[in-house]
Ligand code: NAD
């Protein structure tokens, strides 16, 4: 078995032992005998220490010029670029992400850092004509201060980075609280920040349980903003706590993302992209396709193609470089998916079995499954399951398909498959999601394009690209009179 590591917080540029004495085992979901790390269950005192370090570093960091902060981020990108393969291997081992996707995610981290290094030197305000004669009026964007970043395990490097890079570029300092199950990858990010010479206290990593550390971070008066990505239930708690303190917050949450296949679609293209969106990384992306809505007249033809495409996505342990569908994250998650499938009723039209071979014996595997014959308001068609499961719903026409597509509490990502520009235009206007695709995969977004959901999927802010500046800065309107 590969080595197991005992992790520490990274506070004020130093590896810092927890003040607690409780540890969380962090296991490889593809082979639970492989304990990747022991994660300290950080305490409220640890959270205060991390915030204090970020607060102490704030004045000098925000006082740097944009070009100096950019230099720091470029150096960090350079170190990460050299360590990309090791980071990818760690992601695959820690969260069970197939290696090709982990490599893509590691490369994305480098791209994100470079993008926001560039943003640090772009103009960030407007000159506004003043009513007073001779006055100069303009707007300035100022950093919020110390920001808490609370992240999930499924994009263990990219999500921390797409929050930390803009936060730092615009002069904030950061306390990152990664998911327990992705603490090792977060520690590698801290190692690379350290190797790049990022000033002490600018980027801190706090490990442990969200239920303890989240409230401690949100209660600390030095924290001026919180950016959260994770489940809708936790996001709602964070929004309530942040609002009570009048703290700037963003919550990016789950989805019940949909592929819509109209009768005139290129069925081969639709099947390939819907299979990939639903099943790759065992359906554990917030943007994974978990519902497919199919025009009745092409149901049979589309099903044949979908079956073929799903069969081509190999379910395998992460040691298999060809595996496209790896394990789900925990035994609890695997068992919850099995129970949901049992309760769902309907017909499993693409049922599969996890092979009984030794390769699968110690991991948390779920075979890709498509379920038909359930009601649109059934839990399987409404709730995020976070597994390789696709709910199939038939539709009479575009209007019906859109009503079904918009008929959940979520609004993250959708894709319409059609060759008809009028259908595409109507859908773009009427679909209530933040990420709108035509003839595309519901997953994945360019690192420089705004990312986020509508309705129950988001607090309404956006991450990445120019949108990130809106969140990580506040506006001052300045008038200088003669
Ligand atoms: P989760 O909500 O269980 O945990 C997310 C983070 O919140 C973790 O760091 C956790 O420790 C912390 N946390 C838990 N309880 C907390 C509390 N009471 N206060 C503060 N923090 C707390 O989510 P997860 O299982 O890690 O990730 C999967 C979920 O994330 C899915 O719902 C998925 O859709 C969502 N997700 C959304 C996006 C997006 O951008 N919309 C991206 C990736 C994942």
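Readers should treat all values here as calculations from the given coordinates under stated rules, not as data from a laboratory. Values in this document were obtained by computation on a predicted structure and should not be read as measured data. Here the Cβ positions follow ideal geometry from the backbone for every residue, glycine too, while neighbour counts run over all protein chains shown.
Observations
- Inter-site label distance for residue 127 and residue 74 at 7 Å from Cα along Cβ, in nm: 2.8 nm
- Extended-chain gain in nm, criterion 0.36 nm per residue less alpha-carbon gap, residue 428 and residue 322: 34.6 nm
- Shape of the chain, Cα gyration tensor, a/c cut at 1.5: oblate
- The stretch 280-334 and the stretch 351-403 have Cα centres spaced 8 Å apart.
- 222 nm mean residue ellipticity, helices alone, for the chain (DSSP H n ≥ 4; -39,500 (n - 2.57); rounded to 500): -12500 deg cm²/dmol
- You can think of it this way: the chain between residue 219 and residue 342 has 40.1 nm of extra reach, that is 0.36 nm per residue less the Cα-Cα gap.
- Descending principal axes extents, the stretch 78-217, alpha-carbon based, whole Å: 65, 34, 25
- C-alpha long axis of helix 331-344 to longest principal axis of the chain, angle in °: 40 degrees
- Of the peptides 49-62, 240-253, 128-141, the order by per-residue mean of other Cβ atoms within 10 Å, starting with the highest, comes out as 49-62, 240-253, 128-141.
- Contour excess over end-to-end distance, with Cα ends at residue 403 and residue 22 and 0.36 nm allotted per residue: 132.3 nm
- Principal axis dimensions, largest first and in whole angstrom, of the stretch 1-141 by Cα: 74, 39, 23
- For the stretch 257-446, the calculated P(r), taken from all Cα-Cα distances in 10 Å bins from zero up to the bin holding the longest distance, is 10, 40, 36, 12, 2, 0 percent.
- Degrees between helix 66-95 axis and first principal axis of the chain (Cα, 0 to 90, nearest 10): 40 degrees
- Along each principal axis, Cα extent of the stretch 34-107, largest first, Å: 41, 35, 14
- Acute angle (nearest 10 degrees) that the helix 267-279 long axis makes with the longest principal axis of the chain, alpha-carbon atoms: 60 degrees
- Estimated distance in nm for a label pair at residue 236 and residue 439, the labels positioned 7 Å out from Cα along Cα-to-Cβ: 4.0 nm
- Take the Cα of residue 86, step 7 Å toward its Cβ, do the same at residue 332, and the gap between the two points is 3.2 nm.
- Across the chain, C-alpha contacts under 8 Å between residues 6 or more apart give a mean separation that, scaled by the residue count, equals a relative contact order of 18 percent.
- Taking a ≥ b ≥ c as the square roots of the Cα gyration tensor eigenvalues, the stretch 292-377 comes out oblate, since a/c reaches at least 1.5 and a/b does not exceed b/c.
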